[in-house]
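A short write-up of the structure that comes next.
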Amino acid sequence: MKIFKDWPIRIIERKDFPEQLIKVRGCPKKLYYRGSWDNEIFAKSLAIVGSRRMSQYGLAAIKKLVPDLVANGFTIISGFMYGVDMASHRETLECGGKTAAILGGGLDIISPPENETIYLRILENSGLIVSEYEADFMPTVWTFPQRDRIVAGLASLGTLVIEAGLKSGSLITSRFTQEQGKKLFAIPGPINSTLSQGIYFLIKEKGAKIVTDSSDITNQKIKGNQMIIEYGDSLEKKILELLGIEALTTDELCKKLEKNVSTISQKMTVMSMGNKVNESLGKWRLYK
Amino acid sequence: MLTKIWSAANYGLKAVEIEVEVNVAEKGFPSFNIVGLQSKSGEEAKERVKTAIVNSDFEFPNAKITINLAPADLPKDGSFFDLPLALGILSSAGAVNKIEEKSYFFGEVSLDGSLRHTRGVFLLAILAKENGIKNIYVPRECANEAAVIEGIKVFPVANITEVVRHLNGQKEIIPLKTIIESELEYCGPEFDFAEVLGQEFAKRAMEIAAAGGHNLFMVGPPGSGKTMLSRAVPGILPPLSEAESLEVTKIYSITGNIPAGGSLIRQRPFRSPHHSTSLVGLIGGGSNPRPGEISMAHRGVLFLDEFPEFTRGALESLRQPLEDGFVTVSRAAGSVQFPAQFMLIAASNPCPCGYLGDEKKECKCSLHQIMNYQRKLSGPVMDRIDLHLTVPSVDVNKLMIDKDKYVGEKSVAIRKRVIAARRIQQERFKGLKNIHSNSDMKNKHLKEYAQFSDPANLLLKQAVNKFSLSARTYFRLIKVARTIADLDKKEVITDAHIAEALQFRIKTDL
């Protein structure tokens, strides 16, 4: 079996950083990393941070949002800590997405140690493990807040906070995010939970945007790059055109487009999941 | 004088050897009594046998005749014993030589002495083979059923006179040649998919259902072709294997459904019982239990049209067979198991009048009626159905125009793909008991046998959120995707397979 030390540690200089990181106040001169660096993976990226003491509610929120985010091409950046961080990395990997982990210590110090498998999985799925410290540097109390500015800095869109107490490190990441002029998203939690207090502080005092559905995030334009993926190929366009005229059955679509049933069926599933069409009694219509 | 003749009675799906003891006493007041046969059929048999003997120009002995059918406690009804009864009487009276070799005699006689088509001949032949009996005498019309069993001599008997002459050595009956299975001609399916115009989506669903052994449910207005599509399904299922063919033939023999001159059943059965069919008619039963419609559909297709019209009891009773592949019928006399491994195709209208959502005809049902109707579409049986689809009505005008240029795919071509997919499954489940197709997989098997690509996993997760899939629906979806991947000859399930499978998920609102 391959161990993580088989992956060489490389160094990237400040001039090669993604644009959004270079602008950050206190931007490091260089970063150590494992994996293969490509600024492209940060072009559409979101940081997800939150409590180490994640509740089932937090996990449910991750499971609901991350698949859609990955499907929309987002790279998920997080801090490789247990709780929300780890759940976000894991869910992204399960959906076949890319994720980058920013460590609070050196690249050879896996903390918490039981996460070596996920460390490897991130690398195997062409993700990145990043740190600003030497390989054997032990993480300390003050390195974690330092690390947070890179988490916020690498994300192109902004930061999503899932469950945070009033003294949570997530609030530090949030502060960096807003200082850097990026979007801050928060998922509202139960009002009586201590893990919601930090969230409500962000919503009430800091103007974080409330997220209840992935579209709250995916509909945002990404600052700088203006990158919005144009969905839909020519087939999808034709289907939308046809359905604009009248409601049609799968069979009728196949005939008009001269495609076989499986192809159309697959397309219709994807389109209905994107809320573009819906079906009732066997007929497809444009989603109102 | 006492004569013993051997025959057989059917109990459940087995034939049981019966000893027919006939005593024609020299003393005593002339009478004719049968013991060991249920009263009513005993009375009837007496009259038939007596008249048949007289009409065959033999003398009916004017003496005290007592007949015992042993074992006496086994319930016996029907008319199988007419031939042994007649021969026993004639033999005791001295008109027939003593029968040297133990043989089975079986069949109902007509008043003129000829033998009629009798059910259960196939099972008799199996029993004969098991017990090492060399000769069996059965009605000519159904002798072909027995002739598929090797190692026994089957004598086709036309009437009583013929068999008496044979036994006396005057004129021999020539035994039938053994029918070898491979010589039997496979006659094509009743319906070919190419005959059904359009409905490509439904056809694809049928193909998937056939390939993975899934049950299927379709909703559609009257005249959309639901029945025709279902009738064509046996034609795309793989051919019956030899063992399967024997199983089906047994059931058909016992219910008397093999036509005169017919032998092994080579075609997958298609049964479509009406919704008014009684519970016993559907699942089997009776004091001497006989298989019902679901067993008649064993290894084939059970089509339940107007599904919500079936009584709740009938639908409930389908649960065990759908789960286990057999049905247990328990009666006072004992319990019997009938095989019932069928593919269920259920069909329903969208509402009681059938025109809900139709563009040309107005639906006349009230909301209350529609709710009541659809409520019946939930419950234990629906939980066992993997594929759900809507079959839209077909525009007659378009049909007329397209008829000439329309070239549908022939059943034979679809069947090839189904067979290939089934072969992959056979290979996959080789070491597992009771799992033959993807639909048989339990949840614990999915992890091992249904591997996803990353995009597939992603799509699946999104779908669970988007369509609020229940755990049950989720597992069914994976099984269907597994079958679609098998049809595609892929080991790993991709997002395309999941996307297609999602089209067949259960939809909560119609």
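The values are calculated or read from the model by the stated rules, or taken from the named source; none is laboratory data. This is a predicted model, so every value here is computed, not measured. A quick note on method: Cβ atoms are made from the backbone with ideal geometry, for glycine too, and the neighbour counts reach across all protein chains shown.
Test A:ILE129 against the criterion of being assigned to a strand (DSSP E or B), within 14 Å of chain B (Cβ to nearest Cβ) and surrounded by 19 or more Cβ atoms within 10 Å (Cβ to Cβ), and give yes or no.
Numbers: assigned to a strand (DSSP E or B): yes; within 14 Å of chain B (Cβ to nearest Cβ): no; surrounded by 19 or more Cβ atoms within 10 Å (Cβ to Cβ): yes.
No.
Just wondering, is there one or more residues in segment B:297-313 that are in contact with a Ser or Thr (Cβ under 7 Å, 6 or more places away or on another chain) and part of a helix (DSSP H, G or I)?
yes
Could you look through segment B:474-492, keep only residues that are surrounded by 20 or more Cβ atoms within 10 Å (Cβ to Cβ) and away from chain A (no Cβ under 13 Å), and pick out the one that is nearest to A:LEU281 (Cα to Cα)?
Step one: filter segment B:474-492 for residues surrounded by 20 or more Cβ atoms within 10 Å (Cβ to Cβ), giving B:476-487.
Remaining after also requiring away from chain A (no Cβ under 13 Å): B:476, B:478-479, B:482, B:486.
Numbers: B:ARG476: 21, B:ILE478: 24, B:LYS479: 24, B:ARG482: 26, B:ASP486: 29 Å.
My answer is B:ARG476.
For segment B:56-73, state whether one or more residues are within 30 Å of B:SER245 (Cα to Cα) and either surrounded by fewer than 22 Cβ atoms within 10 Å (Cβ to Cβ) or under 38 Å from the mean Cα position of the chain (by Cα) (or both). Explain how you work it out, then say what you get.
Start the filter on segment B:56-73 by keeping residues that are within 30 Å of B:SER245 (Cα to Cα), which leaves none.
The answer is no; no qualifying residue exists.
Per-residue answers, yes or no, for (1) within 14 Å of another protein chain (Cβ to nearest Cβ); (2) in contact (Cβ under 8 Å) with a residue 24 or more places away in the chain; (3) farther than 23 Å from B:LEU460 by Cβ; (4) not charged (D, E, K, R):
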{"site": "A:LEU46", "(1), (2), (3), (4)": "no, yes, no, yes"}
{"site": "A:ALA61", "(1), (2), (3), (4)": "yes, yes, no, yes"}
{"site": "A:PRO67", "(1), (2), (3), (4)": "yes, yes, no, yes"}
{"site": "A:LEU107", "(1), (2), (3), (4)": "no, yes, yes, yes"}
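Just the residues that are within 21 Å of B:GLU130 (Cβ to Cβ) and in contact with an Asp or Glu (Cβ under 6 Å, 6 or more places away or on another chain), please, taken from segment B:60-114.
The one that is within 21 Å of B:GLU130 (Cβ to Cβ) and in contact with an Asp or Glu (Cβ under 6 Å, 6 or more places away or on another chain): B:ALA70.
Out of A:THR99, A:THR173, A:THR159, A:THR177, report the one residue that is within 14 Å of another protein chain (Cβ to nearest Cβ), crowded, with 19+ Cβ neighbours inside 10 Å and in contact with a strand residue (DSSP E or B) (Cβ under 8 Å, 6 or more places away or on another chain).
Working: A:THR173 fails: within 14 Å of another protein chain (Cβ to nearest Cβ); A:THR159 fails: within 14 Å of another protein chain (Cβ to nearest Cβ); A:THR177 fails: within 14 Å of another protein chain (Cβ to nearest Cβ).
Being within 14 Å of another protein chain (Cβ to nearest Cβ), crowded, with 19+ Cβ neighbours inside 10 Å and in contact with a strand residue (DSSP E or B) (Cβ under 8 Å, 6 or more places away or on another chain) holds for just one of A:THR99, A:THR173, A:THR159, A:THR177, which is A:THR99.
So, restricting to strands (runs of 3 or more DSSP E) that lie completely within segment A:1-120, which ones have at least 1 residues that are out of contact with any Leu (no Cβ under 9 Å at 6 or more places or on another chain)? Give the steps one after another, and end with the answer.
Numbers: elements: A:10-13, A:30-34, A:45-50, A:75-78, A:99-102.
Hits in segment A:1-120: A:10-13, A:30-34, A:75-78.
Residues of segment B:306-327 being within 15 Å of the chain's Cα centre (by Cα) and either under 15 Å from B:LEU13 (Cα atoms) or among the acidic types (Asp, Glu) (or both), which ones? Explain how you work it out, then say what you get.
First pass over segment B:306-327, keeping only residues within 15 Å of the chain's Cα centre (by Cα): B:318, B:321-322, B:325-327.
Within segment B:306-327, B:PHE326, B:VAL327 qualify.
Does B:ARG165 satisfy being charged (D, E, K, R), closer than 30 Å to B:LEU111 by Cβ and at pLDDT 85 or above?
On the way: charged (D, E, K, R): yes; closer than 30 Å to B:LEU111 by Cβ: yes; at pLDDT 85 or above: yes.
Here the answer is yes, as B:ARG165 does meet what is asked.
Any residue in segment B:201-212 that is at the interface with chain A (Cβ under 9 Å from one of its Cβ atoms) and in contact (Cβ under 8 Å) with a residue 40 or more places away in the chain sitting within a Cβ distance under 8 Å of a residue that is surrounded by fewer than 24 Cβ atoms within 10 Å (Cβ to Cβ) and charged (D, E, K, R)? List the pairs, counting only those 6 or more apart or interchain.
Pairs found: B:PHE201/A:ASP251; B:LYS203/B:GLU409.
Kindly indicate whether B:VAL327 is outside the structural domain of B:TYR11 (by TED's automatic domain parsing), modelled with pLDDT of 90 or more, part of a strand (DSSP E or B) and in contact with a Pro (Cβ under 7 Å, 6 or more places away or on another chain).
Details: outside the structural domain of B:TYR11 (by TED's automatic domain parsing): yes; modelled with pLDDT of 90 or more: yes; part of a strand (DSSP E or B): yes; in contact with a Pro (Cβ under 7 Å, 6 or more places away or on another chain): yes.
In short, yes.
Tell me the residue from B:LYS76, B:LYS27 that is closer than 30 Å to B:VAL329 by Cα, in contact (Cβ under 8 Å) with a residue 24 or more places away in the chain and of a type in the set (Lys, Arg), please. Working first, answer last.
Numbers: B:LYS27 fails: closer than 30 Å to B:VAL329 by Cα.
Result of the check over B:LYS76, B:LYS27: B:LYS76.
Can you name the number of the only condition in (1) modelled with pLDDT of 90 or more; (2) of a type outside the set (Asp, Glu); (3) within 19 Å of A:SER170 (Cβ to Cβ) that A:PRO28 fails?
Here A:PRO28 clears every test but (3).
Could you check, for segment B:330-351, whether at least one of its residues is in contact with a Cys (Cβ under 9 Å, 6 or more places away or on another chain) and either small (Gly, Ala, Ser) or surrounded by 15 or more Cβ atoms within 10 Å (Cβ to Cβ) (or both)? Spell out the reasoning first.
Filtering segment B:330-351 down to residues in contact with a Cys (Cβ under 9 Å, 6 or more places away or on another chain) leaves B:350-351.
Then keep just the ones that are either small (Gly, Ala, Ser) or surrounded by 15 or more Cβ atoms within 10 Å (Cβ to Cβ) (or both); that gives B:350-351.
Checking segment B:330-351: at least one residue is in contact with a Cys (Cβ under 9 Å, 6 or more places away or on another chain) and either small (Gly, Ala, Ser) or surrounded by 15 or more Cβ atoms within 10 Å (Cβ to Cβ) (or both).
Quick test of your reading of the structure: B:ASN438 fulfils all but one of (1) within 14 Å of chain A (Cβ to nearest Cβ); (2) of a type in the set (S, T, N, Q); (3) surrounded by 23 or more Cβ atoms within 10 Å (Cβ to Cβ). Name the failing condition by number.
For B:ASN438, the exception is condition (1).
Of all the residues that make up segment A:168-191, how many are in a loop (DSSP other than H, G, I, E, B) and of a type outside the set (A, V, I, L, M)?
Going residue by residue through segment A:168-191, those that are in a loop (DSSP other than H, G, I, E, B) are A:168, A:180-182, A:188-191.
Then keep just the ones that are of a type outside the set (A, V, I, L, M); that gives A:168, A:180-182, A:188-190.
Total satisfying the criteria: 7.
Conditions: (1) in contact (Cβ under 8 Å) with a residue 40 or more places away in the chain; (2) within 13 Å of another protein chain (Cβ to nearest Cβ). B:PRO238 meets all but one. Number of the miss?
(2)
With the requirement that a residue be surrounded by fewer than 24 Cβ atoms within 10 Å (Cβ to Cβ) and of a type in the set (Asp, Glu), what does segment B:115-148 give you?
Matches in segment B:115-148: B:GLU130, B:GLU141.
Have a look at B:ALA456, B:ALA471, B:ALA450 and point out the one that is away from chain A (no Cβ under 13 Å), among the aliphatic types (A, V, I, L, M), touching a strand residue (DSSP E or B) at 6+ places or on another chain (Cβ under 9 Å) and more than 12 Å from B:ASP386 (Cα to Cα).
On the way: B:ALA456 fails: away from chain A (no Cβ under 13 Å); B:ALA471 fails: touching a strand residue (DSSP E or B) at 6+ places or on another chain (Cβ under 9 Å).
Result of the check over B:ALA456, B:ALA471, B:ALA450: B:ALA450.
What are the pairs with Cβ atoms under 8 angstrom where one residue, in segment B:150-172, is assigned by TED's automatic domain parsing to the domain that holds B:LEU124 and under 16 Å from B:LYS98 (Cβ atoms) and the other, located anywhere, is assigned to a helix (DSSP H, G or I) and of a type in the set (A, V, I, L, M, F, W, C)? Sequence gap at least six, or different chains.
B:VAL163/B:LEU83; B:VAL163/B:LEU87; B:VAL164/B:LEU87; B:VAL164/B:LEU90; B:LEU167/B:LEU87
Residue-wise test of (1) polar (S, T, N, Q); (2) in the same structural domain as B:GLU207 (by TED's automatic domain parsing); (3) modelled with pLDDT of 80 or more.
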residue: B:GLY334; (1), (2), (3): no, yes, no
residue: B:GLN337; (1), (2), (3): yes, yes, yes
residue: B:LEU344; (1), (2), (3): no, yes, yes
residue: B:SER348; (1), (2), (3): yes, yes, yes
residue: B:CYS353; (1), (2), (3): no, yes, yes
residue: B:ASP358; (1), (2), (3): no, yes, no
residue: B:LYS361; (1), (2), (3): no, yes, no
residue: B:LYS376; (1), (2), (3): no, yes, no
residue: B:GLY379; (1), (2), (3): no, yes, no
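Just to be sure, is A:LYS238 more than 9 Å from every other protein chain (Cβ to nearest Cβ) and either part of a helix (DSSP H, G or I) or among the basic types (Lys, Arg) (or both)? Please lay out each step first, then the result.
Values: more than 9 Å from every other protein chain (Cβ to nearest Cβ): yes; either part of a helix (DSSP H, G or I) or among the basic types (Lys, Arg) (or both): yes.
Here the answer is yes, as A:LYS238 does meet what is asked.
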